[in-house]
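Below is one structure, written out as structure tokens; the observations come after it.
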Amino acid sequence: MTDAERAPLDILLCSPRGFCAGVVRAIDAVERALSLYGPPVYVRHEIVHNRFVVDSLKRKGAIFVDDLSEVPATSAPVIFSAHGVPKSVPEEASGRGLFAIDATCPLVTKVHREAETHHRRGRDIVLIGHAGHPEVIGTMGQLPQGAILLVETLGDVERLRPRDPENLAYVTQTTLSVDDTAEMVAALKRRFPRIAGPPKEDICYATTNRQEAVKRVVPLVDALIVVGSPNSSNSQRLREVAERAGCPISRLVSHASDIDWDEFAFVKRLAVTAGASAPEILVDQIISAFGERRRVTVETVATIDESVFFPLPKVLRDEAAA
């Protein structure tokens, strides 16, 4: 098929998209540790939720484990993922004499510190988040069992029975839907008017910015593709945001081979974005795959410039390593 015979397709590329500062820091931490100390470097949990990234680091010598019990007695670095870990994990690492490096995103650490502050002030804490997500497990694991009450839905808020309704605070997972979380917070405030909240919202800048970019572009397109892994919370939320904004086709794909080409055969305008843990190479591959089938033009729709940067964990910085 010649280029002239291919049906045209306008691709609107959301900006910002892809890696956030916390993800860049976590990946760089693993690569820096491999460079400084050589392989293997152990990583507890996927450093970020993206199979392409994890497989790439494995090829360089990273070994991913679900539990510290899988790490042998070793002097090799053991890195904690960007999602954060319960306090019991660094305590176990210290007890075993492991060389632990914490790559928790600073914005997740902020939530941990908020929860600890509320606890010291005698408050019970309500955490808005998704059960089983590693970030939620890490946040709940900062405090004694029962100190944090998890709510996932508006129904959970209605069923909430805290010990002291007059002495509550809330924190949130950093990768939630901005709109859903606002509804949850409003419901908490209706039930518990004295509930304390964070000085600055806990949903991270990257989650917020990527959702806003999707909202901006959805009225202009027939379909949207989110590049990201199924276990990536922020990627799933991008798909949901598009769906709720009325996008006729909203799909989360890990890579080009996941695309149902028949579903997109009659799409004339397509938006593409990427979750905060998805590398740009996967976006490029998807655009190229469409280019093999359609006569593609690409336009970037930008909503805000991002300039956030987080330095590496101190032990990995040049001056400390030297």
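The values are calculated or read from the model by the stated rules, or taken from the named source; none is laboratory data. All values reported here derive from a predicted model rather than from experimental measurement. Cβ: placed from backbone, ideal geometry, glycine included. Neighbour counts: every protein chain shown.
A few points about this structure:
- Within the stretch 140-163, tally of residues that are part of a loop (DSSP other than H, G, I, E, B), surrounded by fewer than 11 Cβ atoms within 10 Å (Cβ to Cβ) and not basic (K, R): 3
So that you can scan it fast, the table gives a plain yes or no per residue for (1) touching a strand residue (DSSP E or B) at 6+ places or on another chain (Cβ under 7 Å); (2) in a strand (DSSP E or B); (3) farther than 25 Å from P311 by Cα:
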position	(1), (2), (3)
T104	yes, no, no
L107	no, no, no
K110	no, no, no
E116	no, no, no
H119	yes, no, yes
I125	yes, yes, yes
G138	no, no, no
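- The stretch 8-41: number of residues that are buried (at least 24 other Cβ atoms within 10 Å of the Cβ) and under 17 Å from D55 (Cα atoms): 6
- Qualifying residue in the stretch 261-274 (condition: touching a His at 6+ places or on another chain (Cβ under 8 Å), small (G, A, S) and within 28 Å of A82 (Cα to Cα)): no
Residue-by-condition table, conditions (1) in a helix (DSSP H, G or I); (2) touching a residue at least 60 places away in the same chain (Cβ under 8 Å); (3) touching an Asp or Glu at 6+ places or on another chain (Cβ under 6 Å):
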residue	(1), (2), (3)
E135	yes, yes, no
V171	no, yes, yes
T175	no, yes, no
R190	yes, no, no
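- Unique residue being among the acidic types (D, E) and closer than 23 Å to G132 by Cα when the list is D164, D180: D180
- Subset of the stretch 68-102 that is part of a helix (DSSP H, G or I) and small (G, A, S) - its residue that is surrounded by the most Cβ atoms within 10 Å (Cβ to Cβ): A93
- Condition met for L270 (crowded, with 20+ Cβ neighbours inside 10 Å and outside the structural domain of S235 (by TED's automatic domain parsing)): no
- On the stretch given as the stretch 208-223, residues that are closer than 18 Å to V283 by Cβ and within 19 Å of the chain's Cα centre (by Cα) total 5.
- Residue list for the stretch 22-49, restricted to those being closer than 25 Å to T174 by Cβ and assigned to a helix (DSSP H, G or I): G22, V23, V24, R25, A26, I27, D28, A29, V30, E31, R32, A33
- Selected residue [at pLDDT 95 or above, part of a loop (DSSP other than H, G, I, E, B), of a type in the set (F, W, Y) and out of contact with any Cys (no Cβ under 6 Å at 6 or more places or on another chain)] from F64, F19: F19
- Looking across the stretch 290-308, the residues that are assigned to a loop (DSSP other than H, G, I, E, B) and touching an Asp or Glu at 6+ places or on another chain (Cβ under 9 Å) come down to T303, I304.
- Condition met for V65 (within 20 Å of the chain's Cα centre (by Cα) and surrounded by fewer than 20 Cβ atoms within 10 Å (Cβ to Cβ)): yes
- The condition of being within 22 Å of the chain's Cα centre (by Cα), on the phi > 0 side of the Ramachandran plot and outside the structural domain of A26 (by TED's automatic domain parsing) holds for only one of G132, G122, G146, G138, that being G132.
- Any pair with Cβ under 8 angstrom, 6 or more apart, that starts in the stretch 80-96 at a residue that is over 19 Å from L312 (Cβ atoms) and ends at one that is among the polar types (S, T, N, Q) and modelled with pLDDT of 95 or more: P86/Q142; K87/Q142
- Test: S250 is in contact with a helix residue (DSSP H, G or I) (Cβ under 8 Å, 6 or more places away or on another chain), loosely packed, with under 15 Cβ neighbours inside 10 Å and over 25 Å from P106 (Cβ atoms): no
- Meets criteria (at pLDDT below 95 and either of a type outside the set (S, T, N, Q) or at positive phi (or both)) for P199: yes
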